[in-house]
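A.B. asks: Here you go, one structure.
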Amino acid sequence: VKTMGKELPRYWRSLEELAQSEGFRAFVEDEFPNRTPDWNNPASRRRFLTLMGASIALAGAPGCTVQPKEMIVPYVRQPEDYVPGNPLFYATSWVERGIATGLLVESHLGRPTKIEGNPSHPASLGATDAAMQASVLTLYDPDRSQAVTRNGNISSWGGFITALTAARDAAGLKQGEGFRLLTGTVTSPTLADQIQGFLAAYPGAKWHQYESCGRHSARAGAIAAFGRPFNTIYRFERARVIVSLDADFLCSTMPGSLRYSRDYSARRRGAAENGDAQPPRLYIAEGTPSLAGAMAEHRFRMRTSEVAAFAAAFLDEVKAPGSGPATVRAVARDLQAHPGDSIVIPGEHQPAAVHVIAQAINQRLGNAGKTVILTDPVEAKPVDEIASLTELVTDIRQGAVEALLILGGNPVYDAPADLNFLEALKGVKFRAHLGLYSNETAEWCHWHIPEAHYLEAWSDARAYDGTASIVQPLIAPIYGGKTRHDVMNVLGNQADRSSHDTVRDYWQSQHAKPDFNDFWQVSLHDGLITGTAFSETTPPAAKLPASPVPAASGLEIVFRPDPAIGDGALSNNAWLQEMPKPQNKMTWDNAVWISPKSAAVHGVTTGDVVEIAFQSRKVEGPVWILPGHADESLTVHFGYGRTRAGKVANEIGFNAYALRSSTGVWHGAEVTITRKSGGYPFAVTEHTQTMEERDPFRIATFAEYHQNPEFANPEDKHVSDATTMFPQWEYAKHKWGMAIDLTACVGCQACTIACQSENNIPVVGKIEVAKGRHMNWLRVDRYYNGSLDDPQTYFQPVPCMHCENALCELVCPVAATVHSAEGLNEMVYNRCVGTRYCSNNCPYKVRRFNFFLYADWDTQSLFGVRNPDVSVRSRGVMEKCSYCVQRINSAKIEAEKQERPLADGEIVTACQQVCPAEAIVFGDLNDPNSRVAKLKRQRRDYSLLEELNTRPRTTYLARLRNPNPDLEKG
Amino acid sequence: MAQLFDRSSNSVAKISLTAILLAGGGIIWAAYALNAGSFTTGVEVARDQSVPFSHKHHVSDDGIDCRYCHVSVETSAFAGIPATETCMGCHSQIWTNAAMLEPVRESFRTGKSLEWVRVHDLPDFVYFNHSIHVNKGIGCSTCHGRVDQMPLTYKVNTLYMQWCVNCHRSPEKYVRPRDQVFNPAYTTPAPNQDEIGPRLVAEYKIQSLTDCVTCHR
């Protein structure tokens, strides 16, 4: 904030960088900062020589160690067609907040190790997001609950069956009255069938649904507009102009956002690569910077509570052109020039009124039925979930609830604070909880049943478009977990019936034909039931909303699921905790986001701990000044401040749910903040691994690109091949290379976690991250361009560049990093002695060093998650991106065995496979027809720091944007 | 003043200097010997197994092919150790009461796997793939020796990197026709290896792969 007034550099990374304090310079200039305090031994010269002598004498000793005795344990009866050593892939589905995404999961010797997207599933098309990637770690989490407990003591499933049956029968005397079920959003046809069956037998019983970060607004919006619930899906592949009303539709918690990212980026890529397709143009009105906001050509920064008024003005402008302010007029003109191929998309976290307005505008523009499709709701029974939970609490208070069965979820932690759910819960006589963890809710329940992880369970669920997707287990429950179907079977007096039979029988009832067996096998193989996507329905004309209530003035508070760990269900996942959050590269914490201007007004700065007071509730949390945030607005994220999440997540961050109210679940006004103390230590990754101000990011508009195609490769950066003293390498067979399209990349960080999962990358913890020792091989840099208050945000994934003139190779004293015949920059762990010279010499700062034994060599259950094709590194070893050489080798071996050449696209790196935007392409540069070779022939292809003549194999395709000339500022 | 050292000191000095040199050399030699010897390498040391399985009997006497038990050797990195069921295929019919085979029957009864001590064990940072070697004409006996003559299994090569690289640098010295890969008694026929080696290398498109990432990753 101090630098206001000074001229800004073109691209900047953080406010600290702009301020350039002395401490900051010291931190940035040190390769791995904060090292010295670790060596607090007052070393004398003599002691040093003694140690050195001993080290040299012993250096050879490890070379002749005897291999430890190892056992081979074969099968007793080997499954047919099973080849030990070769992985198998099974289709299953990830279900989050009730919505399914299809996956293909890799299994080695019966243990799931890696998640991939299911290419034939409409919600995935082969992509996954960071949470799905990380979900395999949760399977092996030693903190998961491992036993049925009663009042905190270990009990048995049989004991629970008796107790639950007794509770049901007691309620059964009154037609089930007093018996309540609480679930998350249910889309599972099988589970819904079981619950409806139970409710039919016990009509007095009631079923409540509550999801803390569910689709409350979208549901309410559809009812307000059309009188009944509808499900809205969008066709971004057809959208030329997109107006987002605070909707983060790119890799967010919005159902279908993975598919939307794919479609949206495909269109952008198409326009940039071929030049003929029309690029999409994205306008967004938002307060909290989001991934969609970073992609937008025009971002209208406003408080979250002002978006409704903006939307209303926009509708007025569409109805009667010429009435609104200039920006609204310009956007509306652009939209009206593209009737039928534009989208107005309302935010999941905006009130129902905004959804109604969006529906109305889309109908008016003729988008309905073309780019905006309405179908029946995917929920088995769509209800207002906040009202449903409120009703439950009210009924408990009135003594109407005798037994409560909670199937998944954690309402004690994530229910709106004003409901006082915990106090109410204590008044129920019989309380049982099924969950992956013995969490805050389990603590207050008489019974807790460990739930089977989705990789251990049979189930089903619907995708964002209604496609019925099968959840298929890859492993028997590690901790004896039960599914929701198992518990419902107990209620249905069928305790012996397995979840597999339950799911299969349901689908047999839906497909009662002689070929059911074939149908079922095909469905399991594909991971979905073909043809179950909902067809389009035509709703009546949208009712127009009453004029929205004008936003209250003063400070507002905005509630959001955390960008990394979501609503809190994944809190105990260390990969996600250590994933730098896209917007501020912070790990292991949540923070109170505030704009630079408001921070000055309220007298707070980054690291200050403030007390937030909202509707007589108070919570303390540290402040983070975020450029681009709306003024007079705070954003807080859920998922932190857990008390019974597990060893990873307990007692970190603050609990934003403790402020949330059931009347305005996504934002509220009249908030005050009071500074309590300062100096809160965040662990951020944005200041380490910097390439300084050397023009790493290049961007132009489509028009500028057509005018000057060489914009990304300015003359002064060129270095002739003759500059080097070293002989050029020859690559006779393959020449691996990678192209990363910055036009497509949305900055979601899924690649970071995919890389972590594929390459056995350890987590290091908050203290080590603060010292710049995080281990991720693939980082996503974020750059700002423009003013402090409202900058453009750009993302750039940075793996190893695999330079042809690699600076790291020159300085390694033990040849632990060398050049391969195919141009890979190899890292040989068993040779590395840890001098760190290579990292010091790397201009891209992509090398990571194991300062300690970061890999967990003790926790048995975590061994299961490791990829057996990649070494687990030990202490004192450098590591970095290998272009997934295990995948290269395995594809090469298969091709050699079949005596055929490798096909383009056969080798897919983990980051490429996961990418929802298809921004990363890997392949053979010796094949002129390979996709990567073609991309690199594009004129917007450029190398990072090419003036150093490192000749990187990883290059970037400069970002192109498509601004509205009417709005482009001088 | 008398001489500090008398004449005999010369001999003492010479002898002790030589002794120091010899001792130094001896230590280095001992270290090499230790590294190359069976104590460290395990070469020619038969491991104790729960069942004293004889390859000699099963291969030489009974004529069972390698792939009857090591089923995945042509398709996977791992050659495969037979499931108990494979053993019982024959041993439910013959030698049904042999005391030696009790662990096999017990495994089949209880469903608990037999445990075999690994004879050929590479360090964990080495990734070896059986299938590609077998497909490219490297015979079992090239690395594993005359297993068909081993009553108890032992390894005949150190499996040191130096040993691997010998062949990776000049595969033509070791390659054999594909139809001879599983013949443990194969020896290079006349015309000798110098003639067929380069021909097979060309025919099978064998590459001399010595990049680190070929085996380490």
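A.B. asks: Condition check: polar (S, T, N, Q) and under 28 Å from A:Asn841 (Cα atoms). Does A:Ser930 satisfy that?
C.D. replies: Working: polar (S, T, N, Q): yes; under 28 Å from A:Asn841 (Cα atoms): no.
Answer is no for this residue.
A.B. asks: Can you work out which of the residues in the range B:200-217 that are free of Cβ contacts under 8 Å to residues at least 60 places away in the same chain and not in a loop (DSSP other than H, G, I, E, B) is surrounded by the most Cβ atoms within 10 Å (Cβ to Cβ)?
C.D. replies: In this case the residue turns out to be B:Val213.
A.B. asks: On to the next question. Enumerate the strands (runs of 3 or more DSSP E) found wholly within the range A:189-245, keeping only those where 2 or more residues are buried (at least 23 other Cβ atoms within 10 Å of the Cβ).
C.D. replies: Details: elements: A:206-209, A:231-234, A:241-245.
Here the list reads A:231-234, A:241-245.
A.B. asks: Further, regarding this structure: Mind listing whichever residues of the range A:330-381 are among the β-branched types (Val, Ile, Thr), part of a helix (DSSP H, G or I) and over 22 Å from A:His298 (Cβ atoms)? Lay out the reasoning, then the answer.
C.D. replies: Restricting attention to the range A:330-381, the residues satisfying the condition of being among the β-branched types (Val, Ile, Thr) are A:331, A:343-345, A:354, A:356-357, A:361, A:371-373, A:375, A:378.
Pick out the ones that are also part of a helix (DSSP H, G or I) and you get A:331, A:354, A:356-357, A:361.
A:Val356 - this is the single residue of the range A:330-381 that is among the β-branched types (Val, Ile, Thr), part of a helix (DSSP H, G or I) and over 22 Å from A:His298 (Cβ atoms).
A.B. asks: Do we find that A:Ile242 is of a type in the set (A, V, I, L, M, F, W, C) and closer than 24 Å to A:Glu704 by Cα in this structure?
C.D. replies: On the way: of a type in the set (A, V, I, L, M, F, W, C): yes; closer than 24 Å to A:Glu704 by Cα: yes.
Taking the combined requirement at face value, the residue satisfies it.
A.B. asks: Return the only residue of A:Ser93, A:Ser107, A:Ser55 being away from chain B (no Cβ under 14 Å) and under 21 Å from B:Val73 (Cα atoms). Talk me through it step by step, then tell me what you get.
C.D. replies: Numbers: A:Ser93 fails: under 21 Å from B:Val73 (Cα atoms); A:Ser55 fails: under 21 Å from B:Val73 (Cα atoms).
It is A:Ser107.
A.B. asks: Considering only the range A:114-122, I want to know if a residue exists there that is in contact (Cβ under 8 Å) with a residue 12 or more places away in the chain, farther than 18 Å from A:Val471 by Cα and touching a Ser or Thr at 6+ places or on another chain (Cβ under 8 Å).
C.D. replies: no
A.B. asks: For the range B:154-199, which residues satisfy the criterion of being within 14 Å of chain A (Cβ to nearest Cβ) and part of a helix (DSSP H, G or I)?
C.D. replies: Selection gives B:Met161, B:Gln162, B:Cys164, B:Val165, B:His168, B:Arg169, B:Pro171, B:Arg178.
A.B. asks: I need a count of the residues in the range A:484-512 that are out of contact with any strand residue (DSSP E or B) (no Cβ under 6 Å at 6 or more places or on another chain) and either part of a loop (DSSP other than H, G, I, E, B) or within 24 Å of A:Arg180 (Cβ to Cβ) (or both).
C.D. replies: Of the residues in that region, 18 qualify.
So that you can scan it fast, the table gives a plain yes or no per residue for (1) in contact with a Cys (Cβ under 6 Å, 6 or more places away or on another chain); (2) at pLDDT below 95; (3) within 30 Å of A:Leu389 (Cβ to Cβ); (4) part of a loop (DSSP other than H, G, I, E, B):
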site: A:Thr92; (1), (2), (3), (4): no, no, yes, no
site: A:Ser107; (1), (2), (3), (4): no, yes, no, no
site: A:Gly126; (1), (2), (3), (4): no, yes, no, yes
site: A:Pro142; (1), (2), (3), (4): no, yes, no, yes
site: A:Thr165; (1), (2), (3), (4): no, yes, yes, no
site: A:Asp169; (1), (2), (3), (4): no, yes, yes, no
site: A:Gln175; (1), (2), (3), (4): no, yes, yes, yes
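A.B. asks: Moving to a separate point now. Looking at A:Asn825, A:Asn850, A:Asn830, can you tell me which residue is buried (at least 20 other Cβ atoms within 10 Å of the Cβ), among the polar types (S, T, N, Q) and within 28 Å of A:Pro112 (Cα to Cα)? Break it down into steps so the answer makes sense when it comes.
C.D. replies: Values: A:Asn825 fails: within 28 Å of A:Pro112 (Cα to Cα); A:Asn830 fails: buried (at least 20 other Cβ atoms within 10 Å of the Cβ).
Matching residue, one of A:Asn825, A:Asn850, A:Asn830: A:Asn850.
A.B. asks: Given the options A:Ala277, A:Ala239, name the one that is in contact with a helix residue (DSSP H, G or I) (Cβ under 8 Å, 6 or more places away or on another chain) and free of Cβ contacts under 8 Å to residues at least 12 places away in the same chain.
C.D. replies: On the way: A:Ala239 fails: free of Cβ contacts under 8 Å to residues at least 12 places away in the same chain.
Of A:Ala277, A:Ala239, the one residue that is in contact with a helix residue (DSSP H, G or I) (Cβ under 8 Å, 6 or more places away or on another chain) and free of Cβ contacts under 8 Å to residues at least 12 places away in the same chain is A:Ala277.
A.B. asks: How about the range A:452-483: which of its residues are in a strand (DSSP E or B), buried (at least 24 other Cβ atoms within 10 Å of the Cβ) and not β-branched (Val, Ile, Thr)?
C.D. replies: Across the range A:452-483, the qualifying residues are A:Ser459, A:Asp460, A:Ala461, A:Arg462, A:Ala463, A:Ala468, A:Ser469.
A.B. asks: Any idea which residue in the range B:104-118 is nearest to the other protein chains (Cβ to nearest Cβ), counting only those that are under 22 Å from B:Thr153 (Cα atoms), in contact (Cβ under 8 Å) with a residue 24 or more places away in the chain and surrounded by 17 or more Cβ atoms within 10 Å (Cβ to Cβ)?
C.D. replies: The extreme case among them is B:Trp116.
A.B. asks: Continuing with the same structure: In the range A:62-74, is there at least one residue being modelled with pLDDT of 90 or more, farther than 28 Å from A:Asn830 by Cα and more than 36 Å from the chain's Cα centre (by Cα)?
C.D. replies: Looking through the range A:62-74, at least one residue is modelled with pLDDT of 90 or more, farther than 28 Å from A:Asn830 by Cα and more than 36 Å from the chain's Cα centre (by Cα).
A.B. asks: I need the full set of residues from the range B:119-153 which are among the charged types (D, E, K, R), within 14 Å of another protein chain (Cβ to nearest Cβ) and within 14 Å of the chain's Cα centre (by Cα), in order please. First the steps, then the outcome.
C.D. replies: Within the range B:119-153, the subset among the charged types (D, E, K, R) is B:121, B:124, B:136, B:146, B:148.
Right, trim to within 14 Å of another protein chain (Cβ to nearest Cβ) and you get B:121, B:124, B:136.
B:Asp121 - this is the single residue of the range B:119-153 that is among the charged types (D, E, K, R), within 14 Å of another protein chain (Cβ to nearest Cβ) and within 14 Å of the chain's Cα centre (by Cα).
A.B. asks: Quick one: A:Thr859 ticks every box in (1) surrounded by fewer than 19 Cβ atoms within 10 Å (Cβ to Cβ); (2) touching a His at 6+ places or on another chain (Cβ under 7 Å) except a single one, so which number is it?
C.D. replies: Against the list (1) surrounded by fewer than 19 Cβ atoms within 10 Å (Cβ to Cβ); (2) touching a His at 6+ places or on another chain (Cβ under 7 Å), A:Thr859 comes up short only on (2).
Results for (1) within 11 Å of A:Glu348 (Cβ to Cβ); (2) at pLDDT below 90, shown as yes or no for each residue.
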position	(1), (2)
A:Gly227	no, yes
A:Asn231	no, no
A:Leu245	yes, no
A:Ser257	yes, no
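A.B. asks: Further question on the same structure: For A:Arg831, all conditions in the list (1) touching a residue at least 24 places away in the same chain (Cβ under 8 Å); (2) of a type outside the set (Ser, Thr, Tyr); (3) within 14 Å of chain B (Cβ to nearest Cβ) hold save one; what is the number of the exception?
C.D. replies: Every listed condition holds for A:Arg831 apart from (1).
A.B. asks: Follow-up. Collect the residues in the range A:531-557 that are modelled with pLDDT of 90 or more, under 23 Å from A:Val636 (Cα atoms) and surrounded by fewer than 24 Cβ atoms within 10 Å (Cβ to Cβ), keeping them in residue-number order.
C.D. replies: A:Leu555
A.B. asks: Restricting to the range B:82-100, and then to whatever is under 15 Å from B:Cys69 (Cβ atoms) and of a type outside the set (Gly, Ala, Ser), can you tell me which residue is farthest from the other protein chains (Cβ to nearest Cβ)?
C.D. replies: First, the residues of the range B:82-100 that are under 15 Å from B:Cys69 (Cβ atoms): B:82-91.
From the residues that got through so far, the ones that are of a type outside the set (Gly, Ala, Ser) too are B:82, B:84-88, B:90-91.
Details: B:Pro82: 6, B:Thr84: 4, B:Glu85: 5, B:Thr86: 8, B:Cys87: 10, B:Met88: 9, B:Cys90: 16, B:His91: 14 Å.
The extreme case among them is B:Cys90.
A.B. asks: How many residues, within the range A:706-725, are surrounded by fewer than 10 Cβ atoms within 10 Å (Cβ to Cβ), part of a loop (DSSP other than H, G, I, E, B) and of a type outside the set (S, T, N, Q)?
C.D. replies: Number satisfying all stated conditions: 1.
A.B. asks: Count, please, the residues in the range B:54-74 that happen to be more than 12 Å from chain A (Cβ to nearest Cβ), surrounded by 14 or more Cβ atoms within 10 Å (Cβ to Cβ) and assigned to a loop (DSSP other than H, G, I, E, B).
C.D. replies: 2
A.B. asks: To continue, here is another question. Looking at the range A:874-962, what helices (runs of 4 or more DSSP H) fall wholly within it and have at least 1 residues that are buried (at least 18 other Cβ atoms within 10 Å of the Cβ) and away from chain B (no Cβ under 14 Å)? Please lay out each step first, then the result.
C.D. replies: Working: elements: A:885-897, A:910-914, A:931-936.
Output list reads A:910-914, A:931-936.
A.B. asks: I'd like to know if the range B:37-48 contains one or more residues that are more than 10 Å from every other protein chain (Cβ to nearest Cβ), part of a helix (DSSP H, G or I) and of a type in the set (D, E, K, R).
C.D. replies: The answer is no; no qualifying residue exists.
A.B. asks: Since A:Ala700 meets every condition but one in (1) farther than 22 Å from A:Cys745 by Cβ; (2) assigned to a strand (DSSP E or B), which condition does it not meet?
C.D. replies: (1)
A.B. asks: Also: Taking the condition of being in a loop (DSSP other than H, G, I, E, B) and either polar (S, T, N, Q) or over 22 Å from the mean Cα position of the chain (by Cα) (or both), how many residues in the range A:267-289 meet it?
C.D. replies: Residues of the range A:267-289 in a loop (DSSP other than H, G, I, E, B): A:275-280, A:287-289.
Subset that is either polar (S, T, N, Q) or over 22 Å from the mean Cα position of the chain (by Cα) (or both): A:275-280, A:288.
Residues in the range A:267-289 being in a loop (DSSP other than H, G, I, E, B) and either polar (S, T, N, Q) or over 22 Å from the mean Cα position of the chain (by Cα) (or both): 7 in total.
The values are calculated or read from the model by the stated rules, or taken from the named source; none is laboratory data. Note that the structure is predicted; figures quoted are calculated from it, not measured. Cβ coordinates were reconstructed from backbone atoms using ideal geometry, including for glycine residues, and neighbour counts include every protein chain displayed.
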